[in-house]
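Here is the structure we will look at, set down as structure tokens.
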Amino acid sequence: MKRILLSVFAAAVTAAWAVPASATDVSFSGQYRVRGEFRDNADYNDDASDAKAFIGQRVRLNVNAEATDDTSVKLTLQDSRILGGSDSLITDTTESPDLHEAYLNVNGIFGTPVNFRIGRQELNYGDERLIGSFGWSNYGRAFDGVKFGYVRDGINVDLFRMTVSEATGVATSSSTGATTLTGTTHDTTLTGVYATLGKVIPNNSLDVYVLHQTDAVDLTRYTIGARVKGAVAGVDYTVELPYQTGETSGTVDISAWAFAAKAGYTLPTPMKIRVGAEYDFASGDEADSADENETFNNLYPTNHNHFGIGDVAVANSWSNIQAWSLNVSADVNEKLRLYAAYWDYTTDEAASGASDDIGNEIDLVASYKYSNNVSIEAGAARFTPGEATATTPDDAQDWAYLQITANF
């Protein structure tokens, strides 16, 4: 399969070069990214040696072909692997290499401010707390489906329908000749309307959205929310509030909500020192709510950086959590940027008699712009577990990385 994909991509590139320039405008770009990671004490037990290190590599090759002034096709071939190891860095069902993106895009349909896109594509909305392409991952995320977009006078509205996974089943015939399909019989889908309104509130951007999610069984979940982002007098801020309703398992009602607020002040100095704070909340399920699901689900997010850089599973989700952070960043010069943060995590709803203390984390990141197309980034995080995470909360987990990214 890999050889077939590579052969198809190579043939497409060769054909694109062979097409006269008057017939189509073809451009090529790409990215090479390599990241070494080290994690120690993932089980929070210093007596057991579990230190792990690896180097992950991701390569993306992009082809953009403009068939006409308003119609284009984009292809992104991606290869993701551990150097010296298995092909894929994360557990997924897609082989590597694979087509990360492959879509047709039409701008200004019939002279209207409506755009159309069909195929495999990335979706990124707001702070990517609910829908994001998860670019930090060595594999990333893309969706298969169709999207319409309306753009005019500071208003941007997207309407999309994505199939996350197709229904599967086994066809069987009875003695009477009737055919039935058993197994998973429903697609897992994501449908939504996401609008960004740039002129409703002066000096602010307002996002409003309605998202509908189904799964292979009996889930139907609606997420309705709003997000405000702005800045004034050196203070930047973002506030988001979503609510979820619907039904799961056919009999359990969904009633959940979440809240996120972050703000920062940038000192008027050459180093642009920013001092910030953040608070995140997502509801959890109460022990006595058997007929109601109150746990907020953050759909298909990019969680990295939202809850610390360590990506510790118990703290890295906008679900059943209360988290707050204090952070500071500074542009030391035009090439070097430093960032530090402290995070504290608790659960919203803990089991009866159990602790709600998830733990805390300290983050350090240094970003260096080696050139216009090459950047280097290094970071480290120490997560100290609370009683809700480990029975030996004094044993901290350490994680560090070094990443080089080259765009071409």
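Observations on the model:
- Within the option set Asp357, Asp344, Asp291, being surrounded by fewer than 19 Cβ atoms within 10 Å (Cβ to Cβ), among the charged types (D, E, K, R), farther than 27 Å from Ser137 by Cβ and assigned by TED's automatic domain parsing to the domain that holds Gln403 holds for one residue only, Asp357.
- Any hit, segment 347-364, residues being in a strand (DSSP E or B), of a type in the set (Ser, Thr, Tyr) and in contact with a strand residue (DSSP E or B) (Cβ under 7 Å, 6 or more places away or on another chain): no
- The residue list Tyr139, Tyr103 contains one member that is at pLDDT below 95 and either surrounded by 16 or more Cβ atoms within 10 Å (Cβ to Cβ) or among the basic types (Lys, Arg) (or both), which is Tyr139.
- Segment 205-227, residues that are more than 19 Å from Gly246 (Cα to Cα) and buried (at least 17 other Cβ atoms within 10 Å of the Cβ): Ser205, Asp207, Arg227
Condition check ((1) modelled with pLDDT of 95 or more; (2) touching a Leu at 6+ places or on another chain (Cβ under 7 Å); (3) on the phi > 0 side of the Ramachandran plot) across all residues:
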| site | (1), (2), (3) |
| --- | --- |
| Arg274 | yes, no, no |
| Ala277 | yes, yes, no |
| Glu292 | no, no, no |
| Ser319 | yes, no, no |
| Lys335 | yes, no, no |
| Tyr339 | yes, no, no |
| Gly353 | no, no, yes |
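- Of all residues in segment 142-166, those satisfying the criterion of being in a loop (DSSP other than H, G, I, E, B) and surrounded by fewer than 15 Cβ atoms within 10 Å (Cβ to Cβ) are Asp153, Gly154, Glu166.
The values are calculated or read from the model by the stated rules, or taken from the named source; none is laboratory data. Here the structure is a predicted model, which is why all the values come from computation and not from measurement. Quick reminder, even Gly has a Cβ in these numbers, built from the backbone with ideal geometry, and neighbours come from all protein chains shown.
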